[in-house]
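Enquirer: Please find one structure pasted underneath; my questions will follow.
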Amino acid sequence: FQTQSLRLSDLHRKSQLWRGIVSVTLIEGRELKAMDANGLSDPYVKFRLGHQKYKSKIVPKTLNPQWREQFDFHLYEERGGIIDITVWDKDVGKRDDFIGRCQVDLSTLSKEQTHKLEMPLEEGEGYLVLLVTLTASAAVTISDLSINSLEDQKEREEILKRYSPMMMFHNISDVGFLQVKVIRAEALMAADVTGKDSFSKSDPFCVVELNNDRLLTHTVYRNLNPEWNKIFTFNIKDIHSVLEVTVYDEDRDRSADFLGKVAIPLLSIQNGEQKAYVLKNKQLTGPTKGVIYLEIDVIFNAVKASIRTLMPKEQKYIEEEDRLSKQLLLRNFIRMKHCIMALVTAVCYISSCFDWDSPPRSLAAFLLFLFVVWNFELYMIPLALLLLLAWNYFLIVSGKDNRQHDTVVEDMLEDEEEEDDRDDKDGEKKGFMNRLYAIQEVCVTVQNILDEIASFGERIKNTFNWTVPFLSWLAIVALSVFTVILYFIPLRYIVLVWGINKFTKKIRNPYAIDNNELLDFLSRVPSDVQVMQYHELKQDPTHSPSKRKKNNPA
């Protein structure tokens, strides 16, 4: 077993450490084939390089779509590889139509250089415009505990120097350095039952993921308390990324069984502290059996991290297709209802001031209204938001935290988890709703729209609630700058500069990826659901995880 474990470890080491990164920017399509009755198409693009897959957004009703999306692939082979690209037309209620395909042979492209490619589509019409760049590999490594970069004084100084304030404008995409020590796990779920005496065991291995960087430990056979003692290092491209550590049971004849998982936001990590993390189920909604011991260190440049916050998030590989869930639909509806009710409550409060339900409060509001309107200047808008952030910070520091634990979201997540378990057990018993593909797709769309609206409101609330202090401090800096600019510079000049920038942006950089800095900032703020998923569970010695076997579907 030890020999086989070492062989597997070597195989993982060879297959998972990449030689370089391929950055593909999907610019546009031209003269695509019309697939719909209206003479147009709703095109989107799928990319595949080995096991890595991406899918672009859908551009409705056009034969000349503009995507301007960027995707990063890991290059595992020295000689390159071939990216398979297919173009599809989105259809509601039936299978998507195939428009055409093309391939990019990376072995023909020179490294450290951006190539503009116009790729004609085979088995179809039109062509795609791409920008492809091959760069050297990011610093990802696997080593034993005896080889520790941060304990070597010389290497540590080099890392600290690389992310010092003096290097704030050097290589903006290299935000920081992450080191993860995967030490051991205890009391894992027994996934296999073998032998005459029904001996329960597992063959656990660990997967460490940061965005699209994915590394594995070796497998420890027949052990519920494995020791891995491995160190993983990653380059951080976004300080708001979430480190995911998942434990699986290896099966030779089928896919690995899930044993448990933890999700740790990088900004919540306490450097150099060995901690026992209670493993959670797949949905990160509750505990499963076992704990894992990790020691994590994060070093990053705050200026680079702040600049990167205002840029688009890195897109993950294609994940599971969205499916219709009664509990998920209900949860999203309740979340959106909470956001709407918050607005209704605010409107009712203002209305009560007009109705003089409380004379002292109405008098104070009336005097404040006269003062603000008489002296109003545009800079007062960001100043008011700044004061709101400062007031909430004062409440938190003084121990008068008014943030409430959202038990409704937690209950809905647990209900959704139970529904997922029923689906895993009874997947073959599909109801009438699941057979009506068109209705299901419309419901999934509604479900996702509700999620986006609710998440948007929750992200704004969590920004002012100091859920992520780094982001709230960044908001304070930005609002302070806006206040000063609006105070000293006339509005016409600000609008003039903004308009010139917008009109000349495509002239200055024809292939620039459009983005909205405010939306990119809010995309880093966790929603209430994500806050619950990232919440660290406390270890309970009286807890009997074996009762949670339903959370461990194969």
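Enquirer: So which residues in the range 1-29 are open to solvent by 60 Å² or more (accessible area, probe 1.4 Å) and modelled with pLDDT of 60 or more? Write out each step before concluding.
Expert: As a first pass, look at the range 1-29 and keep what is open to solvent by 60 Å² or more (accessible area, probe 1.4 Å): 1-3, 6-7, 10-11, 13-15, 19.
Arg19 - this is the single residue of the range 1-29 that is open to solvent by 60 Å² or more (accessible area, probe 1.4 Å) and modelled with pLDDT of 60 or more.
Enquirer: In the range 319-329, is there at least one residue being open to solvent by 70 Å² or more (accessible area, probe 1.4 Å), at positive phi and either in a loop (DSSP other than H, G, I, E, B) or assigned by the TED database to the domain that holds Arg184 (or both)? First the steps, then the outcome.
Expert: We begin by selecting, within the range 319-329, every residue open to solvent by 70 Å² or more (accessible area, probe 1.4 Å); these are 319-323, 326.
In the following step, the residues that additionally are at positive phi were identified as none.
No: the range 319-329 contains no residue that is open to solvent by 70 Å² or more (accessible area, probe 1.4 Å), at positive phi and either in a loop (DSSP other than H, G, I, E, B) or assigned by the TED database to the domain that holds Arg184 (or both).
Rundown of residues vs (1) touching a Pro at 6+ places or on another chain (Cβ under 9 Å); (2) modelled with pLDDT under 85; (3) in a helix (DSSP H, G or I); (4) assigned by the TED database to the domain that holds Lys400, yes/no style:
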position	(1), (2), (3), (4)
Lys461	no, no, yes, yes
Thr467	yes, no, no, yes
Ile494	no, no, yes, yes
Thr504	no, no, yes, yes
Ala512	no, yes, no, yes
Phe521	no, no, yes, yes
Lys547	no, yes, yes, no
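Enquirer: Kindly indicate the residue of the range 454-498 that is of a type in the set (Val, Ile, Thr) and crowded, with 16+ Cβ neighbours inside 10 Å and also nearest to Tyr379 (Cα to Cα) among those meeting that condition.
Expert: In this case the residue turns out to be Thr483.
Enquirer: A follow-up question, please. Run down Lys61, Lys111, Lys116, Lys94 and say which single residue is part of a loop (DSSP other than H, G, I, E, B) and farther than 21 Å from Asn38 by Cα.
Expert: Lys111
Enquirer: Let me ask something additional. Residues in the range 73-91 that are open to solvent by 60 Å² or more (accessible area, probe 1.4 Å), in contact with a helix residue (DSSP H, G or I) (Cβ under 8 Å, 6 or more places away or on another chain) and either under 16 Å from Lys33 (Cα atoms) or part of a strand (DSSP E or B) (or both): how many?
Expert: The total comes to 1.
Enquirer: Looking at the range 303-318, which of the residues that are at pLDDT 70 or above and of a type in the set (Ser, Thr, Tyr) is surrounded by the fewest Cβ atoms within 10 Å (Cβ to Cβ)?
Expert: So the residue we want is Ser306.
Enquirer: Given (1) open to solvent by 20 Å² or more (accessible area, probe 1.4 Å); (2) more than 29 Å from the chain's Cα centre (by Cα), where does Leu32 come up short, assuming only one miss?
Expert: Of everything listed in (1) open to solvent by 20 Å² or more (accessible area, probe 1.4 Å); (2) more than 29 Å from the chain's Cα centre (by Cα), Leu32 misses just condition (1).
Enquirer: Okay, moving on. Answer with yes or no whether Ile239 is hydrophobic (A, V, I, L, M, F, W, C), open to solvent by less than 20 Å² (accessible area, probe 1.4 Å) and outside any loop (DSSP other than H, G, I, E, B).
Expert: Answer is no for this residue.
Enquirer: Among the listed residues Lys94, Lys111, Lys161, Lys181, which satisfies the condition of being open to solvent by 50 Å² or more (accessible area, probe 1.4 Å) and either in the same structural domain as Val242 (by the TED database) or without any contact (Cβ under 8 Å) to a residue 24 or more places away in the chain (or both)?
Expert: Every option except Lys161 fails the conditions.
Enquirer: Let me ask you something else. Within the set of pairs 6 or more residues apart or between chains, which connect a residue that is under 26 Å from Ile513 (Cβ atoms) and assigned to a strand (DSSP E or B) inside the range 25-36 to a residue that is of a type in the set (A, V, I, L, M, F, W, C) and open to solvent by 10 Å² or more (accessible area, probe 1.4 Å) with Cβ atoms less than 6 Å apart?
Expert: The qualifying pairs are Thr25/Leu131.
Enquirer: Report, by residue number, each residue of the range 350-381 that is surrounded by 13 or more Cβ atoms within 10 Å (Cβ to Cβ) and under 28 Å from Arg492 (Cβ atoms).
Expert: Once the filter is applied, which keeps residues that are surrounded by 13 or more Cβ atoms within 10 Å (Cβ to Cβ) and under 28 Å from Arg492 (Cβ atoms), the range 350-381 yields Leu378, Tyr379, Met380, Ile381.
The values are calculated or read from the model by the stated rules, or taken from the named source; none is laboratory data. Owing to the predicted nature of the structure, the values given are computational and were not obtained by experimental measurement. Cβ: placed from backbone, ideal geometry, glycine included. Neighbour counts: every protein chain shown. All accessible areas refer to the heavy atoms of the entire protein, side chains included, with ligands and DNA or RNA removed. Shrake-Rupley method; radii C 1.70, N 1.55, O 1.52, S 1.80 Å.
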